[in-house]
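Structure first, commentary second.
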Amino acid sequence: MIEFENVNKWYDKYHALVDVTETVARGEVVVVCGPSGSGKSTLIRTINRLEPIQAGHIRVNGQDIHDKSIDLNAFRSGIGFVFQQFNLFPHLSALENCTLAPMHLRGLSAKAAREKALSLLDRVGLAHKADAMPDALSGGQQQRVAIARALAMEPPLMLFDEPTSSLDPEMVGEVLLVMRDLARDGMTMVCVTHEMGFAREVADRILFMDAGKMLERATPDDFFNRPQHPRLPSFSPIYARLSPGRYNSGLPGHDDNWNNLALAPAVAIAVVCELPGAGSSTIHSIKTMTYTSAPHAALPIIDVSALITDSSPKALQTVADHIRNACRAHGFFYVSGHGVQMPLIQRLDALSRQFFALDVQEKMRWRMALGGRAWRGYFPLGGELTSGRPDWKEGLYLGTELADDHPLVQAGTPVHGRNLFPDIPDLRQTILQYMEAVTALGHALMRGIALSLALPADYFARRYTADPLILFRIFNYPTQEVPKDMDVQWGVGEHTDYGLLTILLQDQIGGLQVKTPGGWVDATPVPGTFICNIGDMLERMTGGWYRSTAHRVIRNTSGHDRLSFPLFFDPNYFAQVQPIEGLPAVPDPDDSASRWDKANVHAFNGIYGDYLLNKVSRVFPQLRQEVL
Ligand SMILES: Nc1ncnc2c1ncn2[C@@H]1O[C@H](COP(=O)(O)OP(=O)(O)OP(=O)(O)O)[C@@H](O)[C@H]1O
Ligand SMILES: O=C(O)CCC(=O)C(=O)O
Ligand SMILES: [Fe+2]
């Protein structure tokens, strides 16, 4: 626990901290943000007495840190500090950097210090670099060694002062990941960073500082969506960036300031909790994934690896909490740590491009009309309607592969049957593998969604998704002029998805936009992630706790094709969709007035197949006439 009580600091006449009174509770994650020069670094540096204060008190774990009886060296050696510059000893190897202080200040034997250092280097993913000299390491690796070095003293509190701001962008993620996992493992941390995606994911509470004063304290949700302090929105460049959509309009010139903002360290994070037992934590994820700050604070990136691997209840709950926040906020989130192999994704992408590169006549060999009731096959540019208008995309409809003699196919069940696989070598196998891998991810995410609603993990599996309805599409949004006589505006017009959960892979071009209360925000591509959004049925089941959020895709004018791969993870066709019992009622769940289709999903009763058919037949009216 850290307490600031009426803390004042002057640099000569400059009043750098003005009457700061703040408590960071044990276990709480606190973000402090504010413009450059607002006093964030000063604040953090006062915690270990790197900066003296002229008035007030600072207590760490109940002890006044300016108490005369305090042994400053002992006090400081219990606080790890990671600076913007890595400050490794250049003449010592990574390992020696980590063993020095424990041997000399703590009296550890060389052997014990070495063992400890090796395990910490392993923890930050650098065991294989133990003997490397700092100048042979990348900036990100050096910073990770600096973190390991600080941890070697087993500090009950870690301070980070802009630990990523002197790193090349591609190295920021690896450092943030280590920090995030430290926070999750229960380490006490105070951190200054301007990585908003990280801040949003890790923080419980956000403090806003300006001119040395603490102006706002709020949960991230309130901070971004319901700011109290009237001056907050006037910090336009920062606030517009933090809260995209809501304050973007009407703030003249904020765009011009975005670059400045990128240079200005704007955020501090404090994570305070108890030091866990030594050796209790491992970092599994560092070696396999990268952390990218969310392109928009509104759309978080959630590492879901805990749902995929056997994980502790605590780790599962952390993921569930993130999912709940995302679903409550906008119903859109990115997932990393998803376990779907990159080579498979790359193969799918490359083979799909081969298919779309064929002449349209060739592609029409697999046209949808040949797919019959299974609703599979190719549709050409302009062949699918959203809200009655043609979308500017072409695509291939796919789904769970069922042989002709499968009982459901025999019974003529719509949307069940064989796929029409184009005869590109390997494409069939790749699509089947991809659908299998992403379906497995869908099951994992539904467990997370169940936990996020305080339901048993298998809640959805038991009722709806033991045998989920899987529809999969491969879309191409080409850069192509729209003929004058065609009423085309969007790549895909505004809509919500029908089912439970959509898991979307998109390439690097971008164009997907999400409707938030404050306006449309871009779901910018983040390599190595999927975008998930919840569908109408989850809104229906949760009585409006989770909303199926409208989204659209702008027309692609990039000069390149844009490929996207949505997989719809939906209830079994025959599953009777029912509200989840025991959830508190949402006051007015009917949001039909603000929906593009004016529909009230809460009025729906019946089996999922009915809902789906009704929707799909609007999208492909001609097909409906042909096959039904
Ligand atoms: N050693 C110092 N002597 C005089 N003024 C200082 C000193 N350190 C900081 N300041 C001033 O105090 C104010 C607060 O600085 P601080 O570094 O805490 O801000 P910050 O919020 O971390 O912002 P940033 O790091 O983006 O500049 C700034 O105006 C800064 O110029
Ligand atoms: O292509 C995309 O990015 C989104 C597609 C989509 O929203 C959909 O198919 O439902
Ligand atoms: Fe969609």
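The values are calculated or read from the model by the stated rules, or taken from the named source; none is laboratory data. None of the values given here were measured: they were computed from a predicted structure. Every residue, glycine as well, gets a Cβ built from its backbone with ideal geometry; the counts of neighbours run over all protein chains shown. Ligands, DNA and RNA are stripped out before the accessible areas are found, and what is left, the full protein with its side chains, is counted by its heavy atoms. Shrake-Rupley method; radii C 1.70, N 1.55, O 1.52, S 1.80 Å.
Please report, as a whole percent, how much of the solvent-accessible surface of the stretch 1-133 comes from carbon and sulfur atoms (probe radius 1.4 Å).
In the stretch 1-133, the share of accessible area belonging to carbon and sulfur is 53 percent.
Over the stretch 2-240, what is the percentage of antiparallel beta bridges among all DSSP beta bridges, to the nearest 5?
In the stretch 2-240, approximately 60 percent of DSSP beta bridges are antiparallel ones.
Computed over the Cα atoms of the stretch 1-128, what is the ratio Rg over Rh, Rh following Kirkwood?
Over the Cα atoms of the stretch 1-128, Rg/Rh equals 1.04.
Defining a contact as two alpha carbons under 8 Å apart and six or more residues distant in sequence, what relative contact order in percent does the stretch 377-496 show?
36 percent
Taking only DSSP H segments of four or more residues, each worth -39500 (n - 2.57), what value at 222 nm results for the chain once the sum is divided by all its residues, to the nearest 500 deg cm²/dmol?
So the calculated ellipticity at 222 nm is -9000 deg cm²/dmol.
Tell me the carbon and sulfur percent of the accessible area for the stretch 390-476, rounded to whole percent, probe radius 1.4 Å.
52 percent
If you average the C-alpha positions of the stretch 473-494 and of the stretch 545-587 separately, how far apart do those two centres end up, in angstrom?
Rounded to whole Å, the Cα centres lie 21 Å apart.
How large is the accessible surface per residue of the stretch 2-240, computed with a 1.4 Å probe and reported in Å² as a whole number? Display every interim value, and only then the final one.
Details: 9570 Å² over 239 residues.
Averaged over the residues of the stretch 2-240, the accessible area is 40 Å².
Note down the magnitude of the dipole of the stretch 504-622 about its Cα centre, charges +1 on Lys and Arg C-beta and -1 on Asp and Glu C-beta and zero elsewhere, to the nearest 20 debye. Let's see the in-between values first.
Working: 10 positive and 12 negative charges, 69 e Å.
For this selection, approximately 340 debye.
For the chain, give the magnitude of the charge dipole about the Cα centre (Cβ charges: +1 Lys/Arg, -1 Asp/Glu; no others), in debye to the nearest 20.
220 debye
Write down the accessible area per residue of the stretch 538-628 in Å², having rolled a 1.4 Å probe over the full set of protein chains.
45 Å²
Residue by residue through the stretch 486-503, which ³J(HN,Hα) values in whole Hz follow from phi under the Karplus form 6.51 cos²θ - 1.76 cosθ + 1.60 (θ = phi - 60°), with glycine and proline marked x?
Per-residue couplings from phi come out as 9, 8, 10, 10, 10, x, 9, x, 4, 6, 10, 7, 7, x, 8, 8, 10, 10 Hz.
What's the longest uninterrupted piece of the chain once you rule out the GluC sites (Glu not before Pro) that are loop residues per DSSP with at most 15 other Cβ within 10 Å?
Excluding the exposed sites themselves, the longest stretch runs over 1-273.
Taking amide H positions as placed 1.01 Å from N in the peptide plane, with prolines and chain starts having none, which residues 5 or more places from Glu401, or on another chain, fall under 5 Å of its amide H?
none
Cα convex hull of the chain: mean projected area in nm², to one decimal?
31.2 nm²
Using only Cα atoms, locate the centre of the stretch 372-387 and the centre of the stretch 71-134, then give the distance between them in Å, rounded to an integer.
So the two Cα centres are separated by 60 Å.
Of Ile301, Phe332, Thr46, which is farthest towards the positive pole of the chain's charge dipole, taken about the Cα centre with +1 and -1 on the beta-carbons of Lys, Arg and Asp, Glu respectively?
Selected residue: Thr46.
For the pair Thr219/Thr309, report the inter-label distance in nm, with labels modelled 7 Å from Cα in the Cβ direction.
Placing both labels 7 Å along Cα→Cβ, they lie 3.0 nm apart.
What is the distance, in nm, between label points placed 7 Å from the Cα along the Cα-to-Cβ direction at Gln317 and at Lys68?
4.5 nm
Per the 1.4 Å probe, what fraction of the accessible area of the stretch 503-628, in percent, lies on carbon and sulfur atoms?
Carbon and sulfur together cover 51 percent of it.
What full-extension length gain, to one decimal in nm, is calculated for Leu344 and Ala127 as 0.36 nm per residue of separation minus the Cα-Cα distance?
Full-extension gain reported as 75.3 nm.
Give the residue from Leu118, Gly377, Ser387 lying farthest towards the positive end of the charge dipole for the chain; charges sit on Cβ (+1 for Lys and Arg, -1 for Asp and Glu) and the dipole is referred to the Cα centre.
Leu118
Nothing charged except the Cβ atoms of Lys and Arg (+1) and of Asp and Glu (-1): what's the magnitude of the dipole of the stretch 2-240 about its Cα centre? Round to the nearest 20 debye.
Here the stretch 2-240 has a charge dipole of around 340 debye.
How high is the relative contact order of the chain, in percent, with contacts defined as C-alpha pairs under 8 Å that are six or more residues apart?
12 percent
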